[in-house]
1. Just want to confirm a number: the relative contact order over the chain, from Cα pairs under 8 angstrom separated by 6+ residues, in percent.
2. Where a ≥ b ≥ c are the square roots of the eigenvalues of the C-alpha gyration tensor, would you call segment 36-137 rounded, which needs a/c under 1.5, or, failing that, prolate if a/b is larger than b/c, or oblate?
3. Roughly how many nanometres apart are two label points built 7 Å out from the Cα toward the Cβ at SER159 and ARG56?
4. Order these peptides, 130-140, 115-125, by their mean beta-carbon neighbour count within 10 angstrom, highest first.
5. Mind running the shape call on segment 124-219? Use the C-alpha gyration tensor, a ≥ b ≥ c as the square roots of the eigenvalues: rounded below 1.5 for a/c, prolate if a/b tops b/c, oblate otherwise.
6. Suppose R0 equals 25 Å. What FRET efficiency, 1/(1 + (r/R0)^6) with r the Cβ-Cβ distance, do THR69 and THR146 give to the nearest 0.05?
7. Work through the residues other than VAL97 whose Cβ is under 12 Å from its Cβ and net out their charges, Lys, Arg +1 and Asp, Glu -1.
8. For the chain, with a Gaussian network of springs between Cα atoms less than 10 Å apart, report the residue from ILE187, ILE44, ILE60 with the top mean-square fluctuation.
Amino acid sequence: MASDEEKREKRLAAEVLKRLSREHPDAGPRLHFSNPYQALVATILSAQTTDEQVNRVTPIFFKRYPDVTALARASVDEVADVIKSTGLYRSKAAHLVAAAKKIAAEHGGEVPSDLHPLLELPGVGRKTANVVLANAFGKPGLGVDTHVHRVANRIGLCSEKHPEGTEKRLKELLPERDWGRAHHLLIFHGRRFCRARKPECPSCVLRDICRSSPSASLK
């Protein structure tokens, strides 16, 4: 049976999502993709760059490498040249080609739709795997990037030093059906209000329940 403290924290998490849903009705994926293969590629490319930059590169990428088979046959140097503007392009290119080869050899050319097989792919960590699960397959997944980690801990939904801990705690507090939505809402709030530097606390819809806000009334 859940303790009173656990119930309180779950109520707080639900209230946070309710308010953020009203504040950011447009929250959702910003990467452009039309199938799991494209979702995987775009998410890997998104590391350390903007979604807008990825969206400028992927039309060229997918025209040249339309599926796993084409990418698996590509050279790392060729791929690196296509994605150069996304940053970290050499490691990304190596991961993309290696992942495509593994998918072709072990998964019949289809991106796996479960967490653990995704995590076995080169270049795929927990954030990427969760994002692909939620966005490409509609399965429960809660990717924790820098925005999600910062906002969740700053608000007081958790007190974790590492993204893995934040992911675990958020999944404990929220029902599975809300995991993907929470990911997007926390990202949008982190970009628009709860920025790393100079968060806009006075105009934040969470100011009365946020642990870090001077005007918080709920602790």
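Read the figures in this text as sums done on the coordinates, not as results from a lab. Because the structure is predicted, anything quoted here is derived from the model rather than measured. Counting neighbours? That spans all protein chains shown, and the Cβs are built from the backbone with ideal geometry, glycine included.
1. Relative contact order here is 20 percent.
2. Because a/c hits 1.5 or more and a/b fails to exceed b/c, segment 36-137 counts as oblate.
3. About 4.3 nm, to one decimal.
4. Sorting 130-140, 115-125 by mean packing, highest first, produces 130-140, 115-125.
5. The shape class here is prolate.
6. 0.15
7. Every neighbour counted, the sum reads +3.
8. Of ILE187, ILE44, ILE60, the Gaussian network model singles out ILE60 as fluctuating most.
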